[in-house]
Each structure stands twice: as structure tokens, then as C-alpha cells.
Amino acid sequence: SSGPGGFAAVPDLTSRTINDARAALTEMHANAVIVEESSSTVTKGLVIRTEPAKGSLFFGGDIKLIVSSGPKLVAVPKLTGKNLAEATAALLSAGFQLGKVDSWFNAAPLGAVFDYLGSDGTAIPQGSSVDLQLSLGAIPVVAGIDQAVAITALEAAGLRVTSVTQEFSDTIASGQVISAMPTTEPIGKDGEVTLVVSKGPNIVVMPRVVGETILAAKSILET
């Protein structure tokens with residue numbers, strides 16, 4: 001089989017560019033046929049394998065170059081509202097891996113997934129690690145309760161009250177909480193919260209202006 005017109009062995013073209021592979025096949029008088037196939041291991045544009053396979057005897061005609069088109073892009077399954085075990089099972093069955101899991105205070109139920117990579121419907125490479133965001137539940141509602149009780153409730157939930165500010169309020173009694181504001185978003189365990197506490201209504205003593213001229217009374221009231 002040796003000599004002009006004899007059989008030749010298909011060379012190993014794995015991980016070579018299309019141009020390099022074509023050049024190697026030209027010497028064998030072979031016609032390269034390009035076929036794209038997704039691959040998570042071979043870089044886009046490089047040869048995955050050939051048909052016939054490397055080492056096969058070849059006597060003219062076509063040789064298929066199976067070229068990588070990059071990883072297959074697929075949508076992540078819907079995970080919102082699932083617990084960690086359910087989300088993990090859904091990811092694995094769809095060909096993904098569980099990535100980093102973070103927990104944050106959120107309006108979603110305790111332990112439920114509320115955000116994750118690909119939650120917007122964008123397709124990502126199959127086999128990717130998908131990070132999950134789990135809910136720690138909502139921050140305790142402390143508006144309208146006593147400052148000391150509010151601090152106790154927040155600390156019991158795993159938060160730290162790092163500062164307390166005071167504001168006048170016509171609706172919240174003095175010493176009661178107006179609001180609790182996280183210092184960062186999102187906020188997780190041991191996160192910092194600022195309390196805004198009521199000083200009560202802004203009451204001033206009405207000055208006596210009876211008997212004063214209009215201009216004098218206006219001046220007194222404005223000062």
C-alpha cells in the first residue's frame with residue numbers, strides 16, 4: 001500500500017486549527033469537510049476529532065474535521081422558590097454544578113432561592129457552576145416598638161445595631177422606632193443596621209403676640 005496512490009494513515013489533528021488541519025490533509029490529497037460540534041473541553045475553532053479517526057487507513061475522498069463551536073449554551077432551570085436540596089437536584093439533572101451558596105435577608109420565605117446565575121433567562125455554558133442566593137427571611141419589622149425591644153429582636157435575628165439616630169415624628173411616640181435601615185445591600189448574618197428612633201412631635205412654645213403690630217408679630221413668630 002505504500003508509494004503513489006497507496007493508502008495513508010489519517011494523522012492526529014486533535015486541537016489543531018482548521019488551517020493547520022487542512023494543510024496536513026492537503027498533503028494526503030484529502031478534501032476537508034468542516035462539521036461544528038459543541039465542546040466544553042476543546043477551545044472554539046480547534047479540531048475535536050476526525051472521521052475517519054486518526055490512524056485509520058485512507059485512500060482519497062473526504063475527511064470530516066469535527067471542530068469545536070465552544071461550550072453548549074443552555075438555560076438554567078427555574079430555581080426561584082426552591083430550597084437548597086431541590087435547587088441542587090434540578091441543577092445536576094440539567095447538567096450544571098452547584099456553585100457558591102450565599103444567604104441574605106430577603107422578602108422570600110426562609111431557605112428559599114431568590115436569585116441565581118442565569119435567573120434572567122440568559123443561557124450559560126452547560127456544566128457551569130451556578131451560584132445561589134438563599135433567603136434568611138425578612139428583616140424583623142420593628143417600626144413602632146420600643147428601642148430596646150427592637151434591638152433585642154434584631155440581634156436575635158443575627159443582625160447588629162451599630163448606630164441609633166433620632167428624628168421628630170408626629171405619628172411615632174418618643175422612644176419608639178421609626179425604621180431600621182441596613183447599612184449595606186444585600187445584608188446577611190451579622191450585618192449592620194441603623195435604627196431611627198422617634199423624638200416625638202416637634203413641639204414649640206407659641207409666643208404671645210397679642211397686642212403686637214402685624215410686622216412685629218410676624219417677626220416674633222418667624223424667630
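The values are calculated or read from the model by the stated rules, or taken from the named source; none is laboratory data. All of these numbers come straight from a predicted model, not from anything done at the bench. As a convention, Cβ positions derive from the backbone with ideal geometry for all residues, glycine included, and neighbour counts pool all protein chains shown. The accessibility values were calculated without ligands, DNA or RNA, using every heavy atom of the protein model including side chains. Shrake-Rupley method; radii C 1.70, N 1.55, O 1.52, S 1.80 Å.
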Quick check on Asp120: is it farther than 16 Å from Ala21 by Cα, at pLDDT below 95 and surrounded by fewer than 15 Cβ atoms within 10 Å (Cβ to Cβ)? yes
Of all residues in the stretch 202-219, how many are open to solvent by less than 90 Å² (accessible area, probe 1.4 Å) and aliphatic (A, V, I, L, M)? 3
Quick one: count up the residues across the stretch 149-182 that are open to solvent by 60 Å² or more (accessible area, probe 1.4 Å) and either part of a loop (DSSP other than H, G, I, E, B) or of a type in the set (A, V, I, L, M, F, W, C) (or both). 8
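Got a number for residues in the stretch 117-144 being on the phi > 0 side of the Ramachandran plot and either of a type in the set (A, V, I, L, M) or in a strand (DSSP E or B) (or both)?
Selection size over the stretch 117-144: 0.
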Within the stretch 177-189, is even one residue more than 30 Å from Gly111 (Cα to Cα) and at pLDDT 90 or above? no
Could you grab me the full set of residues in the stretch 93-107 that are among the aliphatic types (A, V, I, L, M), open to solvent by 60 Å² or more (accessible area, probe 1.4 Å) and modelled with pLDDT of 95 or more? Leu98
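Could you go through the stretch 190-201 and let me know if any residue there is modelled with pLDDT of 90 or more, open to solvent by 40 Å² or more (accessible area, probe 1.4 Å) and closer than 30 Å to Ser135 by Cα. Explain how you work it out, then say what you get.
Step one: of the stretch 190-201, the residues modelled with pLDDT of 90 or more are 190-201.
Subsequent filtering for residues that are open to solvent by 40 Å² or more (accessible area, probe 1.4 Å) retains 190, 192, 199, 201.
Still in the list and also closer than 30 Å to Ser135 by Cα: 190, 192.
The answer is yes, given that some residue of the stretch 190-201 is modelled with pLDDT of 90 or more, open to solvent by 40 Å² or more (accessible area, probe 1.4 Å) and closer than 30 Å to Ser135 by Cα.
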Lys72 free of Cβ contacts under 8 Å to residues at least 60 places away in the same chain, in contact with a helix residue (DSSP H, G or I) (Cβ under 8 Å, 6 or more places away or on another chain) and of a type in the set (Lys, Arg): no
